[in-house]
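Accompanying notes for the structure given below.
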Amino acid sequence: MKFWWGKGGAVVRGKAGRLAVLGAVGATLTLTACESGAQSADADKARANAELLSRSLQLFKDAPSVQVSTKAAVAMGGRVEISVDRENNCRVVAQNELFRVLVDHGGRTWMSWSDTYLDAGASPEGAQLYKELHGKWLELSHDGKIRKSMVETCALAAVHEIADKMTAPGKGAFRDAEVTEQGERLIPLRQGERGNSVTVYAKADGKPYARKIVVDMPTVAPEPVDFQFHAYGEPASVKPPKATETVHSARIEALAERNLAAGLSHS
């Protein structure tokens, strides 16, 4: 920021002139110091925001277990709730009650579908699936398409990728106005401009656990994508279904892949 005095900065003669020049220089130095102080304060804020963001996401990474919900194609655009621990136990529940999934730490996977969803198929295969899977769990083969998709869902790969990118060296964050959701004060920490950004909502009180991540990037998805973090540290252990409640059949699994696997990853 530049300040000028006199015409073209000309030297002013006489004692009064010298005082005027000294006063102007003093004012310039004072304003420069203020500017420097403001820049320093801004730098401190930026550093504090980056540290808060990093701490919030590190708490997610270090948690022994976490419960996350997000919209998913596999739930016909509804939300799924994913509870997973560091031992790779996982439960996935479609909040529209379409299905449930259990994955234990050994990799065994079971899935059940609601009667409403099973009954939706009008084809002979649909009727057969209802007969075979009504009130039962289908144990999925290790290399099956459905199991692979569910294991990918449990890995929370998208969330971990976001966390890694946001906390990369040199990354900062803007602190937006505090909000209150479900009685909890949250601090939004945003990277990018509004309308093309990723924002972490960290708890304002106590440990700054991430409560929500919103990805608002048209190049990624036409509508904002959000991940909500409901709980940290709660047990996610899996109790396998009883043998009498379990179906293990390659034929039925193939029918399920054709009729019940809408929205699943094909990788």
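Its residue count N sets the reference 2.2 N^0.38 Å, and the alpha-carbon radius of gyration of segment 89-201 equals 1.53 times that reference.
Segment residue 182..residue 128, full-extension length gain: 15.1 nm, with 0.36 nm per residue of separation and the alpha-carbon distance subtracted. Less than 15 Å from a label point 7 Å out along the Cα-to-Cβ axis of residue 58: which backbone N atoms in segment 214-255 qualify, by residue? Answer for segment 214-255: none. For residue 209, the residues whose modelled amide H falls within less than 5 Å of its own, excluding neighbours fewer than 5 places apart on the same chain, are 203. How much FRET efficiency would the formula 1/(1 + (r/R0)^6) give for residue 73 and residue 40, where r is the Cβ-Cβ distance and R0 is 51 Å, rounded to 0.05? Given R0 = 51 Å and the Cβ-Cβ separation, E is 0.60.
Given a cut-off of 19 Å, name the pairs among 71/203; 145/212; 148/212; 165/212; 61/165; 45/171 whose C-alpha atoms lie farther apart than that in the structure shown.
Pairs exceeding 19 Å: 71/203; 145/212; 148/212.
Scalar couplings 3J(HN,Hα) for segment 142-149, obtained by applying the Karplus form with A = 6.51, B = -1.76, C = 1.60 to θ = phi - 60°, are 4, 9, x, 4, 5, 4, 4, 5 Hz; x denotes Gly and Pro. Among the protein heavy atoms, those of residue 160 account for about 70 Å² of accessible surface (1.4 Å probe, every chain in place). Placing a label point 7 Å from the Cα of residue 196 along the Cα-to-Cβ direction, the residues of segment 219-260 whose backbone N falls under 14 Å from that point are 219-221. Ignoring aspartates and glutamates fewer than eight residues from residue 136 along the same chain, the ones with Cα atoms less than 20 angstrom from its Cα are 97, 104, 115, 119, 125, 245, 253, 257. Here the Debye sum runs over all C-alpha atoms of segment 178-232 as equal scatterers in vacuum, and log10 of I(q)/I(0) at q = 0.17, 0.22 Å⁻¹ comes out as -0.53, -0.81. Taking each residue as 0.36 nm, the span from residue 141 to residue 220 lengthens on full extension beyond its C-alpha to C-alpha distance by 25.2 nm.
For segment 142-243, trypsin sites (Lys or Arg not before Pro) are listed when DSSP marks them as loop and at most 13 other Cβ atoms sit within 10 Å of their Cβ; the list is 171, 194, 242. You can think of it this way: the chain between residue 249 and residue 104 has 50.3 nm of extra reach, that is 0.36 nm per residue less the Cα-Cα gap.
Translational diffusion of segment 155-259, estimated by Stokes-Einstein from the Kirkwood radius over alpha carbon pairs at 37 °C in a medium of 0.692 mPa s, is 194 µm² per second.
The values are calculated or read from the model by the stated rules, or taken from the named source; none is laboratory data. Here the structure is a predicted model, which is why all the values come from computation and not from measurement. Using ideal geometry, Cβ is built from the backbone for each residue, glycine included, and neighbour counts are taken over all protein chains shown. Ligands, DNA and RNA are stripped out before the accessible areas are found, and what is left, the full protein with its side chains, is counted by its heavy atoms. Shrake-Rupley method; radii C 1.70, N 1.55, O 1.52, S 1.80 Å.
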